[in-house]
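Chemist: One structure, as structure tokens, below. Some questions next.
Here, each number is a calculation from the coordinates, and none is a lab measurement. Computed from a predicted model, the values in this text were never measured in an experiment. Cβ atoms come from the backbone with ideal geometry, glycine included; neighbour counts cover every protein chain shown.
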Amino acid sequence: MLELIHDYWLYFLIGQYPNGPLGGLTLTVLLSAAALALAMPLGLLLGVARVSPWRAVRWPTAVLVQLVRAVPLLLVVFWAYFFLPAVTGVKTGQATTMLMTLVLFDAVYLAEIVAAGIRSLPKGQLDGARSLGLSYGQALRLVILPQALRHVSPSLVSQLVATIKATSLGYIIGLSEVSFIATQVNTLVFTKAVEVYIVLALTYFVLCFGLSRLAFLLERRMNRRTVHATKLNSR
Amino acid sequence: MTFFDASLLRSGEYHDWLVQGLLLSLQLLAASFIIALPLGVAIALMRTSTSRVLRGIGATLVEGIRNVPLLAHLLFWYFAFPELLPEPVKMALYDSNPEFICATIALSLYASVHMAEDIRSGIRAVPASQMEAARSLGLGRIASLRMVLLPQAIRIAVPPLLSQTVNLWKDTSVATVIGDSGLFDGVAGDFAGRAAVRAPLPGADLRPRCLNLSTITGCTS
């Protein structure tokens, strides 16, 4: 196993870079982070639309959210990679395709997280803000969203973990992320499948477990602060 | 060539593939669900047990399996796991339907830890006095688990368990990675994810609906 790691660690980490496209673990992490960052504004918008008081805004968003959530990510990856270029005539690379798909999925899941955050607030917050003379937009921006987003920050970290795990599906379209690289290594070495795939699993484990712990700590700190704030308020 | 030829879906070779793929996905779902649910209950009981060792094993299982993507599980169980088996068992596995068996192992493990977490929340939602009352009425440990705690806990856990089952249904699509991908070659010359390590085995037929659907859209457009 040590020999294996010694021979292939660089390939595992960055793929063929700088002689080829960036790959491996670095691509997995960068792609996940980029997808989540790009999905954030869209998710915020969709989340607000999901709990909007106007039916004409709420319903189409609900349809989109339910549609995306009911379809396996893999299917969308296939569609984006094989079907979309056939329709639009624009051929996208594997990384771009995967990024687009992940942004769509993350936006929808983030929308649900944001909507849940908004719903968890007492109704009096919006009513109070509105009766103080703030417009709906102002009330959202100044009162509702700051509170809702503070509540959901642990879920955002969990969503990053989910995205890292979802990036592995890029394997299917030949994106050189870490699972794909591991399979390449397995093909090269041929006799060490057990070691290769255990290293792969451990890599994902360290990354995702670490982040999950971070989410847990965040949540605990948040709860403590909330308790503290409640105590101050009740005084 | 028309943009969308619905007759392809109604009859002919592609229709047969689709139906076959759908049936296979359903079989995968059924097999994995039947294994995952009892396993999930067992892991949930371990995690809520009074024994520190059992709790440790349960937590390790859950964290270890949950933090690795399903795709990596499938790759491990299909490519690596058979190498760990003794020769006769390995041969027997290859003679049967290795894709289906390995996909079922991976899917049921992955689903079971998620179900275990839902059942654990269900168990924690049952007031502790229920278990205490059952014990003081003279029921044994196992009997009070089986007749008092679990029926209540599982009833509470039904909605999240249902959504886990929907996830499992969606996850069967990922089993494509260890299916024979011969179908794909005509569609995408650069499809590099195919399992080059091991040639498709005779009788290997793991074609979830996604593979077929995408193949068809690729062909008709």
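Chemist: So what is the calculated 222 nm ellipticity per residue for chain A, using -39500 (n - 2.57) for each DSSP H run with n of 4 or more, over all residues, to the nearest 500 deg cm²/dmol?
Modeler: Computed ellipticity for chain A at 222 nm equals -25500 deg cm²/dmol.
Chemist: Going 7 Å from the Cα of A:His6 in the Cα-to-Cβ direction, what parts of region A:180-203 have a backbone nitrogen less than 14 Å from that spot?
Modeler: Answer for region A:180-203: none.
Chemist: Something else now. Using a Gaussian network model on chain A with a 10 Å cutoff between Cα atoms, which of A:Thr191, A:Thr97, A:Thr203 fluctuates the most?
Modeler: A:Thr191
Chemist: Separate question: Sort B:Ile142, B:Ile43, B:Ile65 so the one with the fewest other Cβ atoms within 10 Å of its own Cβ comes first.
Modeler: Fewest-to-most Cβ neighbours within 10 Å comes out as B:Ile142, B:Ile65, B:Ile43.
Chemist: Which residue, A:Leu30, A:Leu188, A:Leu169, tops the fluctuation ranking in a GNM of chain A built on C-alpha contacts under 10 Å?
Modeler: Its mean-square fluctuation being the largest, the pick is A:Leu188.
Chemist: Same structure again: A:Gln138 to A:Ala62: FRET efficiency via 1/(1 + (r/R0)^6), r the Cβ-Cβ distance, R0 30 Å, to the nearest 0.05?
Modeler: My answer for the efficiency is 0.75.
Chemist: So for A:Lys165, A:Lys192, A:Lys123, fewest C-beta neighbours within 10 Å to most, what's the order?
Modeler: Exposure proxy ranking, most exposed first: A:Lys123, A:Lys192, A:Lys165.
Chemist: Shifting gears a bit: Rounded if a/c is under 1.5, else prolate if a/b is larger than b/c, else oblate: which is the protein assembly as shown, with a ≥ b ≥ c the root eigenvalues of its Cα gyration tensor?
Modeler: oblate
Chemist: Need one number: nm distance between label points at B:Asn97 and A:Ala86, each 7 Å from Cα along Cα→Cβ, rounded to one decimal.
Modeler: 2.8
Chemist: Can you sort B:Cys102, A:Cys208 from fewest to most other Cβ atoms within 10 Å of each residue's own Cβ?
Modeler: The fewest-first ordering by Cβ neighbours comes to A:Cys208, B:Cys102.
Chemist: Would you calculate the separation in nanometres between label points at B:Leu22 and B:Leu137, each defined as 7 Å from the Cα along the Cα-to-beta-carbon direction?
Modeler: Here the modelled spin labels are 4.7 nm apart.
Chemist: How long is the gain from A:Arg55 to A:Ser120 if the chain were fully straight, where each residue apart is worth 0.36 nm and the alpha carbon distance is subtracted?
Modeler: Extra length available between A:Arg55 and A:Ser120 comes to 21.4 nm.
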